[in-house]
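Notes follow once the structure below has been shown.
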Amino acid sequence: MKIAVASDHRGFETKRKLVAPLLQKAGHELIDFGCNGSDVCDYPDFAVPASRAVARGECDIGILLDGTGIGMSIVANKVPGICAALAHDDLTARVSREKNHCNVLCLPADLISEQQMRDIVEIFLGTHFTDGRHTARVDKIRTLEKGGW
């Protein structure tokens with residue numbers, strides 16, 4: 001799987017030490033959209049290009065990290081074609097893919113343990129969308145995104 005990865009300064013060390021090695025060890029191809037250090041920066045500068053790569057189909061999914069995950073999720077969800085979820089436990093990681101068909105995972109680097117982060121990433125990657133009653137809901141979101149509904 002090709003995965004877009006991005007962080008701001010608060011998520012940089014987690015991306016570098018935990019997320020990137022975890023994904024590479026699992027055999028995924030990473031495209032790192034920055035940031036490249038712990039100097040203070042603006043998360044939209046990295047969330048937007050990573051999210052656009054997912055929306056254009058250049059990457060299969062995205063993983064974005066900042067201190068709380070909130071900023072990255074807000075920005076990612078402004079990009080047409082993106083459904084980003086802030087996950088902070090196993091349940092939110094699973095449901096975001098299974099029921100909401102999310103294609104971007106946002107992680108709170110300052111708020112959860114390394115083990116929780118590993119578990120969330122693995123669950124997100126290993127869970128697939130369940131068609132059925134959830135499909136109509138996801139279709140409504142896509143229609144809304146295009147200015148309808």
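Please treat every number below as a calculation from the coordinates, not as lab data. Just so it is clear, the structure is predicted and the values come from calculations on it, not from any experiment. We place every Cβ from the backbone using ideal geometry, glycine too, and count neighbours over all the protein chains shown.
So the values come out like this:
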read-out: Tally of Lys pairs whose C-alpha atoms are under 24 Å apart, taken over region 2-145, 8 or more apart or cross-chain; value: 11
read-out: 0 to 90° range, to nearest 10: angle between helix 133-145 axis and the chain longest Cα axis; value: 80
read-out: Residue order, fewest to most surrounding Cβ atoms within 10 angstrom, among 40, 75; value: 40, 75
read-out: The chain: relative contact order in percent, alpha carbon pairs under 8 Å with at least 6 residues between; value: 23
read-out: Helix axis angle, 114-126 relative to the chain longest principal axis, alpha carbon, degrees; value: 40
read-out: Nearest-20 debye value, region 2-145 charge dipole, Cβ charges on Lys, Arg, Asp, Glu; value: 420
read-out: Computed [θ] at 222 nm, deg cm²/dmol, the chain (DSSP H ≥ 4; -39,500 (n - 2.57); rounded to nearest 500); value: -12000 deg cm²/dmol
read-out: Rounded tilt (10° steps) of 44-55 against the dominant C-alpha axis of the chain; value: 50
read-out: Per-bin percent of Cα-Cα distances, region 2-145 [10 Å]; value: 13, 47, 33, 7, 0
